[in-house]
Amino acid sequence: GIVTLLADRMAAVAEATEYELDRLLPPPGGPLGRLGEAMRYATLGGGKRFRPLLVAATAGLGQANPAAIVRVGAAIEMLHAYSLVHDDLPAMDDARLRRGKPSCHVAFGEAEAILAGDALLTLALEVLARPDWPAPAELRCELSLGLARAGGWAGMCGGQLLDLADEGADSPLDRIAYVESLKTGAIIAFACD
């Protein structure tokens, strides 16, 4: 039925996204190997890939190239992984585990986790902007701008700041909705745009 169809579609999108991420992320080894390893650790092998599913569902309504759909989903997942790496840091939530394994700063060190998060953010924008995938230059620019705005000060980062300020406070429902519309909602809206 419909549940099986959805589960199959989710699995296919997750597999395609994982493959694209593996291709786009720095390879292990070399002089920057530890940074690449931390980026791969934070990004690969986890998550439901819900945002790429939204990209695929929305783009599937038109005539979008499947390779382009996967690239956009992978870029969003890089940005999402960066946000989780930074969110887990001692200055934020100080989470010791993420998806059942040590968080990035526990596994690699705090400085390496910060740099891995920074590198994931910039790589997300880079892979949308560069011309090695089937999207015209104007669309690549629009997508890079849109992802930067969704993840930036008036999007995910702003929402995270408000969330930290509300930590432990009993916030009214409208305040919680506003924080989540920035922190989580901006990226989800971008995935559906």
Value of [θ]222 nm, deg cm²/dmol, for the chain, DSSP H segments ≥ 4, -39500 (n - 2.57) each, nearest 500: -22500 deg cm²/dmol
14 Å cut-off, amide nitrogen to a point 7 angstrom out along Tyr19 Cα→Cβ, residues in segment 58-85: 66-71, 74
Most mobile of Ala165, Ala57, Ala14 in a GNM of the chain (Cα contacts under 10 Å): Ala165
Computed lengthening from Asn65 to Thr122, 0.36 nm per intervening residue step minus Cα-Cα distance: 18.1 nm
Exposure ranking of Val3, Val106, Val127 by accessible area [1.4 Å probe, largest first]: Val3, Val106, Val127
Rounded to the nearest 10 Å², the accessible area of Thr122 at probe 1.4 Å: 80 Å²
Net charge dipole size for segment 45-193 [Lys, Arg +1 and Asp, Glu -1 on Cβ; Debye, nearest 20]: 600 debye
Carbon + sulfur, % of accessible area of the chain - ligands and nucleic acids excluded, 1.4 Å: 64 percent
Extension gain, Arg9 back to Thr58 (0.36 nm per residue minus Cα-Cα distance, nm): 16.3 nm
Residues of segment 85-193: accessible area per residue with a 1.4 Å probe, Å²: 55 Å²
Computed accessible area, Phe50, all protein chains, 1.4 angstrom probe, square angstrom: 80 Å²
Residues whose placed amide H lies under 5 Å from that of Arg98, excluding near-sequence neighbours: Ser103
Among (i) 1.03; (ii) 0.97; (iii) 1.74, the entry derived from the coordinates for Cα Rg over 2.2 N^0.38 Å: (i)
Integer Hz, Karplus 6.51/-1.76/1.60 couplings in order for segment 83-100, x for Gly and Pro: 5, 5, 4, 5, 4, 7, 4, x, 6, 10, 8, 6, 7, 8, 10, 9, 6, x
Additional length obtainable on full extension of the chain from Ala111 to Leu161, 0.36 nm per residue less Cα span: 15.9 nm
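The values are calculated or read from the model by the stated rules, or taken from the named source; none is laboratory data. The structure displayed is predicted, hence computed values, not measured ones. In this analysis, Cβ positions are derived from the backbone assuming ideal geometry, glycine residues included, and neighbour counts consider all displayed protein chains. To get the accessible areas, we keep the full protein, side chains included, count just its heavy atoms, and leave off ligands, DNA and RNA. Shrake-Rupley method; radii C 1.70, N 1.55, O 1.52, S 1.80 Å.
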